[in-house]
Amino acid sequence: MDFQTILSLSLQSALGPTAVIYALAAIGLNVHFGYTGLLNFGQAGFMMVAGYALVSFPIVLGLSLWLGALAGLLLTVVLALLLGVPTLRLRADYLAIVTIAAAEIIRQSIGAATLSDTFGGQDGLTGFIEPFRALNPYTGSIGIPGLVTWSAFDFWVMTVGWVLVAISCVVIWLLMRSPWGRVLKSIREDEDAVRSLGKNVYSYKMQALMLGGLFGALAGFITALRSASIGPSFFATDVTFFAYTVLLIGGAARVLGPVAGSIIFWFLISGLGIFFAQATGGADPLIPASIMTSTQASLMRFIFLGLGLMLLMIFRPQGIFGDRRELAIDAR
Amino acid sequence: MHVGLTRIAALFAAFFVAVVVLSGSAQAAVPSVSAGGSAECALPEATDDDSISILVRICDRRDEPQTPVEGVTTIVEDSSGQVVGEGTTGADGTAIVDLPGTAIDNLGQSFTVRIDEQSLPEDTQPEVLERTVAINLDSDQSVTFPIGAAEGAGSGIGVQAAQLFVGGIVFSVLLAMAALGLSMIFGTTGLTNFSHGELVTFGALAAFAVDQLPGAIRVGGINITVAVAVVAAFVLSGVFGWVNDAGLWRPLRRRGTGVIAMMIVSIGLSIFLRNVYQYLAGAQSRNYSQFSATQPWEIGPILLTPKELIVALVGMAMLVAVTSLLQFTRLGKATRSVADNPALSSATGINVERVINLVWIGGAALAGLAGALLGLTQGFDYQIGFKLLLLIFAATVLGGLGTIWGAIVGAFIIGLLTELSTLLVPAEFKFVSALLVLIIVLLIRPQGLLGRAQRVG
Amino acid sequence: MPAEQTTAAAGDTPGNGSRADSTAAREALNQVDHRPGSAKPDPIVVADNVTRQFGGLTAVDVEHVEIQRGVITALIGPNGAGKTTFFNVLTGFDKPQSGTWSFNGRPLSGVPAYQVARMGMVRTFQLTKVLAKLHVVENMRLGATGQSGERFLSALLQRWGGQERQITDKADKLLERFLLDKKRNDFAGSLSGGQRKLLEMARALMADPELVMLDEPMAGVNPALKQSLLGHVKSLRDEGRTVLFVEHDMDMVRDISDWVIVMAQGTIVAEGPPDSVMANKSVIDAYLGSHHDQDLSEDVEEEIIAAAEAEIAGTTKTEERK
């Protein structure tokens, strides 16, 4: 058992590009669920639309990658409108089911073999990364030698990503201390009351859905940039569920909740993954193969993740930084 | 009240066992009748080698009994349109086309079998010129082309639609069982259960586990191992439902956990169970020991395998039984009253917790049975239920969340739609079209087809 | 019945006091016919042919009704009479199958609830809808209309500080008036039932409504708070607002309302000043039940309970036999 490696790799993951992606996705869900009480289970769909828009501009249309980013943001807003119009007048669970269905529609459609000439089917698209790579100021490997290091490219993605996370947090902080944020929080509590006070609840929910979707779009961009490729498998339903877990670990309706949640989540997931890989690997594994093979070991972190999400929700629904009294979770 | 419940449960179980056993023996008996009816146009014998062969049979339906058609050229193409084999029917009307490569190479692929219209006898007209076969099992596949009079009895699209309709009905019945369970649990507890798919998978896994036990169970010379496995899956799933409720959901209700918090707990449970299933059963697709390859019957131009018929019949019988229970018995009335208003039901002397517990047992048993039967028709893996979850949601929401008839109606709409949509769009879009319809229906009728609009304020 | 009424009136001096300085609006009511659907000299709300059905049940079927401006109007009737549904329709929270209704002459059919509120017709709810996880003062601030900080861009650019201070001042004054100033920084969820009613009323006033619609303001309020709540409702009228309220508490209706509208089975069956309506024997017997004007004496109460128990025991037995 090599705890040095476990710690080092866990840290690499906890601060790395993946943590950035989930922090951004969870910031979006925080706007939806944490502040407004909207159950968006289709965040992966928002990420996918934005990510594919970013990539398709250079690959399919032969236009600039940066124009693609702009298009991605626009398309996310359009998607929010499409989803919001039929569902935002309905009960919360309808939005949950429609958004999860929509995300799956998007994933199956973009990944379809019929459209593989355009979107590359299940293989996805590559070869768009040059304009982004060209801006990379770093070389070699960067980090604290002996503790944690990243490749120059990963560190460049992280730099951009964490800057985006920081800007997003400032935006959320400014908005949620304003009367606008007060209306959102009130809608989470009781939308009829808000309506009776002359606020257009529908419009506010739509704004929240769009804003949260835009943070999802940022997460989609980083997903594509991090791997220098994009594919339908990056946006499975579980991505949304993981982002919810991230949000709930940190604490819903807290500005920094998603950020802390993402770091903790990826530290634990990577740590568990490496721990069980080491425990079952090598010539004389700690856990014999009759109990756990290395394939089974790779599942252990998800088993813990599921268990963890349940226990967290039951025993500490406010997350690590949340205030139990000010909590979205029991709202109907 | 207690006595009544037990008696109903016993009747329920007895009825179910009877249906399964009867259909099991029917399955054994029926094909021989069918074979007798078309003795002249022989069923092709499976080849005895390691590779997968496609057995093409061409029968002239103008004669009674049907006669084999000799000398017809058949061509097999893979999914990209590449010709992989050819054959000519012999005196028995059968052509055997061996697929290149080993069985493993071809698993999961689909092939198109065409017959050369030029090579047919002058005055005849094929009802179907090509069929697509999916190789899901390590066994030979047979394909039948009925040949009719030159006028042509059925048009291509009509036959296709009828065939898809039959497949859609089988799927709908299974979907309806799963959706009914979800809807009943939602109705009585308000929980949108994201781990309902895992109840479905549990049924498929439980049936598989029983099926894999050494030895075969025979009654009067008929192997009923799989039938017993399915019954066992039904019972075990009910137990699993009880464990779910008693171990997790009841304590949460006692704590006063909100419905949204419970929904998120169910997501955690779904992730947990799915990975445990994969841990135990692996990621590969599996099949039960029996029914892996059976000869389809021809009903007109439509093909129907005996197992599909059995699955559909068992499922229908189950749906009728459960809906009758809900409609006419005291337990059913209690269930519906709890779904309508738990507090009021409690005040009128209904033991709400007991009803909810029974609903969990029944709902999980239904879902598990759906899983076992689904595994029977198309094989299964550890996430069969998770893949089905969205369609189950779509069915319940379409019909109206929490309504019993709504779940069934919704399931049939979604089930038929997924199959029939392949007439118009490529098969890979069939789920997409079903989910799109869900969103469109919500736009027009938010409370679902059979749901009632709620009073606001 | 007359005996009961005198006791109630005698025990309520503030009520008599406020009646003494009645305004012109209330005097104008003296000329109005005591019949359903009578025309008022200065109506603020007029509704015609409003029907609302739930499936086969007709919850509301109002032919014509007018609400006089500047007075307190009570909407009463037995359970299931359609009072709350009518309330919901008027305020845009429910859509009727047919009918027209207007506020200050502006037709309201198809106008969403939030716009109705912005026009100056603000309601409260039977089950209070305070925002439990927001502070009391935040609840109050939410009530203010026309906040620039509620627009996305102004919120992001932080252009709302000045207005927020004005709103807070106004909120603090109202909290003081409604005796909630000590609770200012508590979560609204920590308030008692009566305090929630007060908070909801105070929050409604943040919008400066012309017409305040109170849905059962006395439900779930302890007797000690009732008098203070009554005073607050009267103060709304005294500062020139119109009040329409739904209530079951007959003492309150008699005490503070200037006009009473009686609904039963969805229709309006009687109108008039409280004394006249309450004296209407057919209204009492048909729609309020014969026990309405007396507190349930203990033996009557026991009788009812005994009857109910017998009935329950009977059904249980038959059920067990099945």
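List of remarks:
- A:TYR35 vs. criteria closer than 30 Å to B:GLY402 by Cβ and aromatic (Phe, Trp, Tyr): yes
- Test: residue in region A:78-100 that is at the interface with another protein chain (Cβ under 7 Å from one of its Cβ atoms), closer than 29 Å to A:LEU225 by Cβ and in a helix (DSSP H, G or I): yes
- Filtering region C:130-148 to residues that are assigned to a loop (DSSP other than H, G, I, E, B), facing another protein chain (nearest Cβ under 7 Å) and under 20 Å from C:LEU236 (Cα atoms) leaves only C:THR145.
- In a residue-by-residue description of region A:251-263, the property of being free of Cβ contacts under 8 Å to residues at least 60 places away in the same chain and assigned to a helix (DSSP H, G or I) applies to no position.
- Taking residues in region A:155-168 that are over 12 Å from A:LEU15 (Cα atoms), and partners anywhere that are of a type in the set (Phe, Trp, Tyr) and modelled with pLDDT of 95 or more, the pairs with Cβ atoms closer than 8 Å and at least 6 places apart or on different chains are A:SER168/A:PHE215.
- Flag if C:PHE152 is within 14 Å of chain A (Cβ to nearest Cβ), aromatic (Phe, Trp, Tyr) and under 30 Å from C:THR267 (Cα atoms): no
- Condition check for C:ASP169: more than 9 Å from chain A (Cβ to nearest Cβ) and in contact (Cβ under 8 Å) with a residue 24 or more places away in the chain: no
- Only one of B:ILE384, B:ILE392, B:ILE414, B:ILE350 that is among the β-branched types (Val, Ile, Thr), away from chain A (no Cβ under 14 Å) and under 22 Å from the mean Cα position of the chain (by Cα): B:ILE384
- Across region C:238-257, the number of residues qualifying as touching a helix residue (DSSP H, G or I) at 6+ places or on another chain (Cβ under 8 Å) and over 22 Å from C:ASN79 (Cα atoms) comes to 1.
- A:ALA228, sole failed condition from (1) closer than 17 Å to A:GLN43 by Cα; (2) modelled with pLDDT under 95: (1)
- A single entry from B:ALA339, B:ALA293, B:ALA343 fulfils the requirement of being closer than 24 Å to B:SER195 by Cβ, in the same structural domain as B:PHE240 (by TED's automatic domain parsing) and modelled with pLDDT under 90: B:ALA339.
- Taking first residues from region B:404-429 that are within 16 Å of B:VAL170 (Cβ to Cβ) and partners that are buried (at least 21 other Cβ atoms within 10 Å of the Cβ) and among the aromatic types (Phe, Trp, Tyr), the Cβ contacts under 6 Å between residues at least 6 apart in sequence or on separate chains come to B:GLY415/B:PHE171.
The values are calculated or read from the model by the stated rules, or taken from the named source; none is laboratory data. Here the structure is a predicted model, which means the values were calculated and not measured. Using ideal geometry, Cβ is built from the backbone for each residue, glycine included, and neighbour counts are taken over all protein chains shown.
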